[in-house]
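The values are calculated or read from the model by the stated rules, or taken from the named source; none is laboratory data. Owing to the predicted nature of the structure, the values given are computational and were not obtained by experimental measurement. Don't worry about glycine lacking a Cβ; one is built from the backbone with ideal geometry, like all the others, and counts go over all protein chains shown. Heads up: the accessible areas ignore ligands, DNA and RNA and are worked out on the full protein's heavy atoms, side chains in. Shrake-Rupley method; radii C 1.70, N 1.55, O 1.52, S 1.80 Å.
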Amino acid sequence: MNVYFHTFGCKANQYDTALVRQAFADQGAVVVDDASVADLAVVNSCTVTHESEAKLGRLVRRLARLGGGGGGGGGGGGGRLETVVMGCAAALDDGRIAGLPSVRAVVGGAEPSQVLRAAGFPLSAPRSSPPGSLSTRSLHPLSPSPSGRGGTTGRFRGLLKIQDGCDEHCTFCATTLARGANRSRGIPELVEEARALAQHHAEIVLTGIHIGTYGQDRSGWTDPGATPRGSHQGSGPDSPGARPRGWSTLGELLEALIAAVPQVRFRLSSIEATEVDDTIARLLIEAPAHLAAHLHAPLQSGSDRILKRMGRHWYTARSYRARLDWLAQRLPVFGLGADIIAGFPGESDADHRETLALVNAVPFTYLHVFPYSERPGAAAGRLGERVGPGVIRDRARELRESGEAKARAHRARRAGQRADGVVCGHGAGKVEVLTEDYVSVYLPTDQWNGRPRFEVTVR
Ligand code: SF4
């Protein structure tokens with residue numbers, strides 16, 4: 001049976017797809033890159049914006065127009081190509097996804113056995129493992145899949161999902177409804193997976209839904225009087241230094257991972273600025289070969305009034321900026337990105353100008369700007385004071401222009417400098433190399449020495 005996979009959304013989704021893809025391969029399915037030869041499609045959905053769900057609908061309709069590859073098994077096989085939709089949007093489906101053409105099943109979440117069952121596979125032990133003993137290898141995307149992308153974001157970059165879910169309730173976010181509460185994986189298990197990933201990957205990206213809260217859900221939380229998350233003690237202004245005794249932290253996990261696989265460069269996928277604790281800050285500053293000098297720190301708004309309406313209570317514009325300025329002063333090279341929502345309900349011109357002012361003040365090197373769109377089930381829909389679509393568009397454009405100007409300035413500053421590069425893709429005679437500060441450098445393939453990681457000149 002030929003199975004085609006497509007993933008929408010974040011790196012956590014890419015990781016989940018890799019697990020499901022591996023589970024299908026373990027059952028004897030052939031993963032194909034070309035949907036026209038597939039017997040079944042599996043689409044991992046995202047609910048973060050209205051646009052991502054619209055794209056899902058378009059893809060599923062397009063897939064339905066393809067004939068199944070006819071390879072047998074539990075999938076379509078002849079006629080229209082059937083799709084199993086999994087993931088976050090699937091978890092919140094009100095019937096709209098199920099009603100799309102040729103949708104065989106809608107599976108909320110990303111549990112591989114449920115997706116397999118929905119695809120019609122009788123659940124047997126994976127072919128590559130003894131019955132009843134799903135090996136780490138079959139459970140985790142440790143090596144390149146037949147299509148060369150299993151568990152990877154590119155040729156030599158691997159993903160390591162350290163936690164799932166989130167305990168916050170940002171009013172614009174339906175992810176927390178779709179994925180549930182914070183659930184962290186144990187350090188020994190993650191170290192073992194990192195060791196296996198390191199056999200094929202020069203860079204490992206730590207992913208999750210809210211990675212700054214890594215470990216807070218695990219037993220041993222013993223200090224109810226401890227400093228709350230995001231309040232600030234430790235080195236530097238607004239530095240969340242102290243931590244309750246008893247839980248492992250993201251900083252501790254990073255230290256364990258670096259000790260286990262020092263040859264790898266780790267990267268954090270997305271972390272709240274005020275959750276960069278002193279250990280993480282020290283590693284960023286002192287161990288650039290082990291932890292890439294890059295943070296993607298969601299800002300969402302530069303107005304404290306709007307941050308409150310968003311339910312983002314753990315930082316203010318001031319504490320966000322203070323933490324990042326403190327780091328930027330200590331990092332000679334620093335890639336810094338943020339997500340920003342334009343036109344959140346109740347956002348006035350003055351709020352928007354505060355966001356723009358903050359964007360201009362913080363040393364961002366790129367921005368991801370999202371025009372606000374209402375997510376089914378998210379509390380922001382009940383807030384009222386909607387901003388008109390034209391205003392949302394204009395504000396998003398202004399923010400994007402600022403982000404693009406910052407990205408151009410960063411690249412110009414870096415041009416001619418040496419960087420620590422990891423190959424993240426190649427094709428059409430070119431190799432894409434990703435630097436520690438998240439800049440892509442393209443080299444003609446014939447100038448590539450074949451190594452996954454090497455010093456490169458930014459151009
Ligand atoms: S922190 Fe907020 S935006 Fe991020 S996953 Fe949790 S609820 Fe969603």
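Run the accessible area of region 323-459 with a 1.4 Å probe and give the carbon-and-sulfur part as a rounded percent.
52 percent
Taking the mean number of other Cβ atoms within 10 Å as a proxy for protection, how do you rank 310-319, 208-217 from highest to lowest? List each step's numbers first, then the result.
Numbers: 310-319: 19.0, 208-217: 23.3.
Top of the packing list down: 208-217, 310-319.
Under 15 Å from a point placed 7 Å out from the Cα of V391 along the Cα-to-Cβ direction: which residues of region 362-379 have their backbone N that close?
Only 372-373 pass the distance filter.
How high is the FRET efficiency between R65 and R305 when r is their beta carbon distance and R₀ equals 45 Å, given to the nearest 0.05? The partial results should precede the final answer.
Numbers: r = 48 Å, r/R0 = 1.06.
The calculated FRET efficiency here is 0.40.
For A41, enumerate residues with amide H under 5 Å from its amide H, sequence gap 5+ or separate chain, H modeled in the peptide plane.
Y4, E82, T83, V84
Please work out the average accessible area per residue across region 329-459, using the 1.4 Å probe convention, and give it in Å².
Values: 6340 Å² over 131 residues.
Per-residue accessible area for region 329-459 comes out at 48 Å².
Taking 0.36 nm per residue of separation and subtracting the Cα-Cα distance, what length does fully extending A256 through E455 add?
So the chain would gain 69.1 nm between A256 and E455.
Karplus couplings for region 300-307 from phi (6.51 cos²θ - 1.76 cosθ + 1.60, θ = phi - 60°), rounded to Hz, Gly and Pro as x?
After applying 6.51 cos²θ - 1.76 cosθ + 1.60, I find 6, 7, x, 9, 4, 4, 6, 4 Hz.
Work out how much length K430 to E192 would gain on full extension: take 0.36 nm times their residue separation and subtract the Cα-Cα distance, in nm to one decimal.
Going from the current span to full extension adds 82.3 nm.
Between L383 and E286, what is the FRET efficiency for a Förster distance of 30 Å, r being their Cβ-Cβ separation, to the nearest 0.05?
Values: r = 43 Å, r/R0 = 1.45.
With R0 = 30 Å, the Cβ-Cβ based efficiency is 0.10.
Want the number for R183 to E374: 0.36 nm per residue separation, take away the alpha-carbon distance, what's left?
66.1 nm
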